[in-house]
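What follows is a set of notes on a single structure, which appears directly below.
Taken together, the values in this text are just the output of simple stated rules run on the coordinates, not laboratory data. Keep in mind that what you see is a predicted model, and the values were worked out from it rather than measured. Glycine also receives a Cβ, built like all others from the backbone with ideal geometry; neighbour counts cover every protein chain displayed.
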Amino acid sequence: MSIEQLRYNILKETKNKNSEKFSPSYFSALEEEFEDALDFLKTEEYISGGTFGADGLYKSTYKFLRITEKGEQYLKENSNLSKAYNLFLKVKGLII
């Protein structure tokens, strides 16, 4: 999965209030990719909430993440990523 797709999926799941489930394995991503995506989304103000420490966003604060207006706009502008996100959900449903 591309970093752009991972960011999109994180935003979409944040919008759907599923951030408590977040983990690299939830998104089929490597730990570093996942942390980089979260850091980018937070730094660029696509998401808000959560608490950062020296090693990135604290896992215990994922549940406080919220999508911002800028994040909502990103989701609207990237409809091609939406198709891949829907496939991600279907595959995830088959695995679980």
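Details
- Tally, over region 5-38, of residues that are charged (D, E, K, R), under 23 Å from ASN80 (Cα atoms) and more than 10 Å from the chain's Cα centre (by Cα): 3
- Residue count for region 37-66, restricted to those that are under 19 Å from GLU77 (Cβ atoms) and in a loop (DSSP other than H, G, I, E, B): 3
- LEU87 vs. criteria on the phi < 0 side of the Ramachandran plot and surrounded by fewer than 13 Cβ atoms within 10 Å (Cβ to Cβ): yes
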